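A short write-up of the structure that comes next.
The values are calculated or read from the model by the stated rules, or taken from the named source; none is laboratory data. Model, not experiment: these values are computed from the prediction. Cβ sites come from the backbone with ideal geometry, for glycine too, and all protein chains shown count toward neighbours.
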Amino acid sequence: MLVLDLHLATDRPCVAEIRELSAVTRVLIVSASGRPADVLAAIRAGVNGYVTKDAPAELVVDAVRTVAAVVETPPGEGTHVTVRVPLPPAGRPASG
C-alpha cells in the first residue's frame, strides 16, 4: 500500500506512472486539494482512495484501513474505490 500526496514533487499527478510499475499496489491519495477535477482524475488514474489533508485524523485512519482491506477484482470487472472528501461548511465555497 502506498499513501501519496497527489502532486508529490511535481505539478501533475504521478498515479499513472505508479500503476505502470505496479498494478496491484493499493494507492491512497492524501491531498490538500478537494477539487472535484483532482478527485476524478485520481480515480480515473486508478487510486483506491482519496482523502483531503484537512480531514479529521479518524477519517484518515479509516481511509488507510479501508484501502488496505480492499479486495482487488480481476481486470475488467470493476474496481473498489473509497473517496473521502469533506464538504465545506454551509455558505463557504469549496477550495480550488
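A few points about this structure:
- Selection from the range 19-37 of residues that are modelled with pLDDT of 85 or more and assigned to a helix (DSSP H, G or I): Pro36, Ala37
- Annotation: Val67 fulfils all but one of (1) buried (at least 18 other Cβ atoms within 10 Å of the Cβ); (2) modelled with pLDDT under 85; the unmet one is (2).
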